[in-house]
Amino acid sequence: MAIILNIETATKNCSVSLARNGEILGIKELNNGNYSHAEVLHPYIVDVVKEANINYNQIDAVAVSKGPGSYTGLRIGVSAAKGLCFAFNKPLISIKTLTSLAHAIVIDNGIIVPMLDARRMEVYAAVYNDNYEQIRAIKAEIINENSFSEYLKENKVYFLGDGAQKCKEVITHKNAVFIDSKFPSAEEMAKLSYIKYKISDTEDVAYFEPFYLKDFVVIPEKKKKPLF
């Protein structure tokens, strides 16, 4: 038996779940269009543990969404997860954010393309088959009318995630299916983290870092022109 705490903060959805053997015991989520992780993440952790009527020493591992996604969101989630692992001497499990998002839908056949919004027409995306096997690496890419054409030729392709919304008017192929209102969630993480726990696929807590995919860029403020 394994009790795992799952933390997802890669996007605007701040999500925490507690699961036993991959089955959800409790979950708390907030997606209000803002990045509220710094304010709500720790209270959510306390709530799901308390509502499950367990103590922290009974948790067998902590799982965290590893990215890509929001730089600040990932830092907050990973810092919280590592802090719990250090405090209670628990193993750390990382879950690819796009893999978790892909599991938010079930299809009989076709291709799943989970997408996270980046800047302008750029997204972070990967490609999975209907068995959730990753068949193309994660990329940061600019979307145009030819994007994913090699998959659209012969398959229904299901696009989901906040990155998919801005692609509707660009990718107009008849085989493109856009699914609304799906975000990475600690709900889908539950089964994925349990699978990794059973084979001891864990991270080095001291050295683990999120997968940002792209370097964080600080845009300098424009200098104000002198009045005189």
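Derivation of every value follows stated rules applied to the coordinates shown; laboratory data play no part. Bear in mind the structure is a predicted one, so any value in this text is a computation, not a measurement. All Cβ positions, glycine included, derive from the backbone under ideal geometry; neighbour counts span all protein chains shown.
Can you give the relative contact order of the range 105-179 as a percent, counting alpha carbon pairs under 8 Å and 6+ residues apart? Let's see the in-between values first.
Details: 142 pairs, mean separation 24.7, N = 75.
So the answer I get is 33 percent.
State which stretch of the chain is the longest one without any exposed trypsin sites (Lys or Arg not before Pro), exposure meaning a DSSP loop state and at most 14 other Cβ atoms within 10 Å. Don't jump to the answer; show the numbers that get you there.
Working: sites that count: Arg119, Arg120, Lys153, Lys168, Lys174, Lys214, Lys222, Lys223, Lys224.
My reading of the result: 1-118 is the longest stretch.
At full extension, Gln165 and Ala206 could sit 11.1 nm farther apart than now, given 0.36 nm per residue minus the alpha carbon distance.
Radius of gyration (Cα atoms) of the chain, expressed as a multiple of 2.2 N^0.38 Å: 1.08. Using θ = phi - 60° in the Karplus curve 6.51 cos²θ - 1.76 cosθ + 1.60, the 3J(HN,Hα) couplings for the range 70-75 round to 5, 4, 5, x, 4, 4 Hz; x is entered for Gly and Pro.
Considering only DSSP beta bridges where both residues belong to the range 105-179, give the percentage that are antiparallel (nearest 5). Walk me through the numbers before you get to the answer.
Details: 11 of 19 bridges.
In the range 105-179, approximately 60 percent of DSSP beta bridges are antiparallel ones.
For the range 163-205, GluC sites (Glu not before Pro) are listed when DSSP marks them as loop and at most 14 other Cβ atoms sit within 10 Å of their Cβ; the list is Glu169. A helix-only calculation puts the chain at -7500 deg cm²/dmol for mean residue ellipticity at 222 nm, using -39500 (n - 2.57) for each DSSP H run of at least four residues, averaged over all residues.
Between Ile142 and Asn109, the FRET efficiency from the beta-carbon distance, with R0 = 30 Å, is close to 0.55. Computed on the chain, with alpha-carbon pairs under 8 angstrom and 6+ residues apart, the relative contact order is 23 percent.
Close amide H contacts of Val64 (hydrogens built in the peptide plane, cut-off under 5 Å, sequence separation of 5 or more or a different chain): Ile7, Ile93, Ser94, Ile95.
Rounded to the nearest 5, the antiparallel percentage of DSSP beta bridges internal to the chain is 60%.
What's the magnitude of the charge dipole for the chain around its Cα centre, counting Lys and Arg as +1 and Asp and Glu as -1 at the beta-carbon? Answer in Debye, nearest 20.
On the way: 27 positive and 27 negative charges, 152 e Å.
So the magnitude is around 740 debye.
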